[in-house]
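Q: Structure incoming, see below.
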Amino acid sequence: MRPRKLKVCVQVAGFKLPIATLKIKKFADIKRPKTELVCPKCGNKPKWEGKYVCICCPYCGKPMEKHIVDEKGTIQYKCPEHGWQEPTTYTNWQQLKRITLDGREIKKERLVSGEEVEAQVYVMPIEKFSKYADATLTEYGVVVDDPTSALNLKKMLVAIQRLNKVIILRFNDTYEQRICLLTVSLSGRIILKEMIPINIADIKETMKVDLNNISEQDIKEAQALLSQLPEATEEIFKVTDYRTIGVEATTVSPKVIQLEQILAKVKAS
């Protein structure tokens, strides 16, 4: 989604009534260091000549001397230790070493293996959490299969909805550490929102609001505004742009796993 101004309007008696103008702005990005790709043998930056070419010895990585060996200007290279050699070449950037501008290597270290990982769970009062920027990368749905997990999951959701707590899960993924917020979407689905870690988050200035001190007058004014807005239908959730070309319409399965179904089995047993 591009940053732009968004004029929010409602159709009243055949006329468009603007009710707000919003600026769409990306909340946050991940900070990414400036890096460069260098030869893993000698540390110099190779040249791209249809492939990455570095004038170092392919065996020892020492710099080679350039020699013109005939009248045609043919160039060959000589290593002081291994004699005449072809320059070191790489066909893919992944074969090179990525370093920061101050020379530190950026290398992916595998943190876990296998599908099952262990997450540590933490809780924080929502007032304290509100000072952090909860910018998220992606959202994931969750499913539980056993009664104990279902019961404890519900307890954590109650803490979120009724006790003003934030539940945080932290775990190691293949190469990266993940920090996720356990929450409930507007459609009632239990989801994990992956946060951008605050030490690598590039936060933009956006708006915050405190809705703890809502008055009766605020509620009446909100109800008055809602009375002017049309009801949304299923068609509102469909698009007709280029993304629909070649995509057959699919219906949403009515089968949704309910946490209460699992908990009901516990009570019945």
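The values are calculated or read from the model by the stated rules, or taken from the named source; none is laboratory data. Owing to the predicted nature of the structure, the values given are computational and were not obtained by experimental measurement. Note that each Cβ is placed from the backbone with ideal geometry, even for glycine, and that neighbours are counted across all protein chains shown.
Q: Confirm whether Met156 is assigned by TED's automatic domain parsing to the domain that holds Ser269 and either out of contact with any strand residue (DSSP E or B) (no Cβ under 9 Å at 6 or more places or on another chain) or surrounded by 14 or more Cβ atoms within 10 Å (Cβ to Cβ) (or both).
A: Spelling it out, Met156 is indeed assigned by TED's automatic domain parsing to the domain that holds Ser269 and either out of contact with any strand residue (DSSP E or B) (no Cβ under 9 Å at 6 or more places or on another chain) or surrounded by 14 or more Cβ atoms within 10 Å (Cβ to Cβ) (or both).
Q: Regarding Lys193, is this residue free of Cβ contacts under 8 Å to residues at least 60 places away in the same chain and surrounded by 16 or more Cβ atoms within 10 Å (Cβ to Cβ)?
A: In short, yes.
Q: In a strand (DSSP E or B) and either of a type in the set (Asp, Glu) or out of contact with any His (no Cβ under 9 Å at 6 or more places or on another chain) (or both), is that true of Leu181?
A: It is true that Leu181 is in a strand (DSSP E or B) and either of a type in the set (Asp, Glu) or out of contact with any His (no Cβ under 9 Å at 6 or more places or on another chain) (or both).
Q: Sticking with this one: In region 88-99, is there at least one residue being modelled with pLDDT of 90 or more, closer than 26 Å to Ile198 by Cα and out of contact with any Cys (no Cβ under 6 Å at 6 or more places or on another chain)?
A: Yes: one or more hits.
Q: Go through Glu205, Glu260, Glu248 for me and flag whichever is more than 28 Å from Lys25 (Cα to Cα), at pLDDT below 80, in a loop (DSSP other than H, G, I, E, B) and out of contact with any Cys (no Cβ under 7 Å at 6 or more places or on another chain).
A: Answer to the selection: Glu248.
Q: Additional query: When region 50-76 is examined, which residues are found to be modelled with pLDDT of 95 or more and of a type in the set (Phe, Trp, Tyr)?
A: Tyr52
Q: Quick check on region 25-41: of everything there that is touching a Ser or Thr at 6+ places or on another chain (Cβ under 8 Å) and without any contact (Cβ under 8 Å) to a residue 60 or more places away in the chain, which residue is farthest from Ile198 (Cα to Cα)?
A: Ranking the candidates gives Lys41 first.
Q: Of all residues in region 1-24 being touching a residue at least 60 places away in the same chain (Cβ under 8 Å) and either surrounded by 13 or more Cβ atoms within 10 Å (Cβ to Cβ) or touching a strand residue (DSSP E or B) at 6+ places or on another chain (Cβ under 8 Å) (or both), which is nearest to Met64 (Cα to Cα)?
A: By that ranking, first place goes to Ile19.
Q: Another question, if that's okay. Checking Glu139 against (1) free of Cβ contacts under 8 Å to residues at least 60 places away in the same chain; (2) over 24 Å from Lys23 (Cβ atoms); (3) in contact with a strand residue (DSSP E or B) (Cβ under 7 Å, 6 or more places away or on another chain): exactly one of these is not met. Which one?
A: That leaves (2) as the condition not met.
Q: Suppose we keep only residues that are surrounded by 13 or more Cβ atoms within 10 Å (Cβ to Cβ) and not hydroxyl-bearing (Ser, Thr, Tyr) within region 130-145. Which one would you say is farthest from the chain's Cα centre (by Cα)?
A: Val144
Q: While we're on this one: Kindly indicate whether Ile179 is in contact (Cβ under 8 Å) with a residue 12 or more places away in the chain, surrounded by 15 or more Cβ atoms within 10 Å (Cβ to Cβ), assigned by TED's automatic domain parsing to the domain that holds Lys128 and under 21 Å from Ala28 (Cβ atoms).
A: It is true that Ile179 is in contact (Cβ under 8 Å) with a residue 12 or more places away in the chain, surrounded by 15 or more Cβ atoms within 10 Å (Cβ to Cβ), assigned by TED's automatic domain parsing to the domain that holds Lys128 and under 21 Å from Ala28 (Cβ atoms).
Q: Go through (1) at pLDDT below 90; (2) charged (D, E, K, R); (3) assigned to a loop (DSSP other than H, G, I, E, B); (4) exposed (fewer than 15 other Cβ atoms within 10 Å of the Cβ) for Glu127 and report which single condition fails.
A: Condition not satisfied by Glu127: (3).
Q: Return yes or no: is Ala232 closer than 24 Å to Leu22 by Cα, part of a loop (DSSP other than H, G, I, E, B) and not β-branched (Val, Ile, Thr)?
A: yes
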